[in-house]
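A short worksheet on the structure shown next.
The values are calculated or read from the model by the stated rules, or taken from the named source; none is laboratory data. Just so we're clear, the structure is a prediction, and the values are computed from it rather than from any experiment. We place every Cβ from the backbone using ideal geometry, glycine too, and count neighbours over all the protein chains shown.
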Amino acid sequence: MLKLPKSLRKELSKPFGVLHKSVNLIEIPLRKQLEEKKLIIAIGDVTSKNLVEIGIQPQICIVDNITKRKPIQHNLNHTNNIIYVNNPAGVLTDEFVDACINSIHEATTDNPIIIQVKGEEDLAVLPCVINSPNDAFILYGQPDEGVVLVKVEEAYDKALNYYKQLIKE
């Protein structure tokens, strides 16, 4: 298990990529990404739900059924391929990291995967960035601000640096 040190909390709360007010504003590059069979990972219930509602189906959705500390019904039903994992807040369990890595290798447009987290998916961007192909897109919500689009090629070094600073327990 890897734990987030207090010294990184503020840094990791900043957008990891480019912040957009809505997924609708980046719909064209996302559709192009899917047409080219390039990986899209959606982290978070609202982000996943909003993408699916506009007809963009990420190959991987990572959800925990909670938004702003309140339960949410996202009704994601675009696949029966669901992986259930435990991952408490502020940590990355081996089980969760393995689920991310395996999903990155196995998920396709025709075989999307939902990773259902019991706990929190708050640090998922780190293992997703460092294990995804360079041309992958990762999206996650920035509460009360919009959605962050992370281009793996641009974020890899930063993600790897933060990942190395997590405390092994």
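Within segment 144-162, does at least one residue satisfy the condition of being within 17 Å of residue 44 (Cβ to Cβ), out of contact with any Leu (no Cβ under 6 Å at 6 or more places or on another chain) and basic (Lys, Arg)?
No, segment 144-162 has no match at all.
So that you can scan it fast, the table gives a plain yes or no per residue for (1) surrounded by fewer than 24 Cβ atoms within 10 Å (Cβ to Cβ); (2) closer than 19 Å to residue 50 by Cα:
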{"site": "88", "(1), (2)": "yes, no"}
{"site": "96", "(1), (2)": "no, no"}
{"site": "109", "(1), (2)": "yes, yes"}
{"site": "116", "(1), (2)": "yes, yes"}
{"site": "133", "(1), (2)": "yes, no"}
{"site": "137", "(1), (2)": "yes, yes"}
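Looking at segment 96-169, what strands (runs of 3 or more DSSP E) fall wholly within it and have at least 3 residues that are within 12 Å of the chain's Cα centre (by Cα) and closer than 20 Å to residue 80 by Cα?
In segment 96-169, 113-119 are the strands (runs of 3 or more DSSP E) which contain 3 or more residues that are within 12 Å of the chain's Cα centre (by Cα) and closer than 20 Å to residue 80 by Cα.
Residue 45 versus (1) modelled with pLDDT of 95 or more; (2) in contact with a Ser or Thr (Cβ under 7 Å, 6 or more places away or on another chain): which is the lone unmet condition?
(1)
So which residues in segment 1-21 are surrounded by 14 or more Cβ atoms within 10 Å (Cβ to Cβ) and part of a loop (DSSP other than H, G, I, E, B), if there are any at all?
1, 4, 15, 16, 17
Considering segment 69-95 alone, what residues qualify as being assigned to a strand (DSSP E or B) and modelled with pLDDT under 95?
In the first step, residues of segment 69-95 are kept if they are assigned to a strand (DSSP E or B); the result is 70-71, 82-87, 91-92.
Residues satisfying the conditions are 70, 71, 82.
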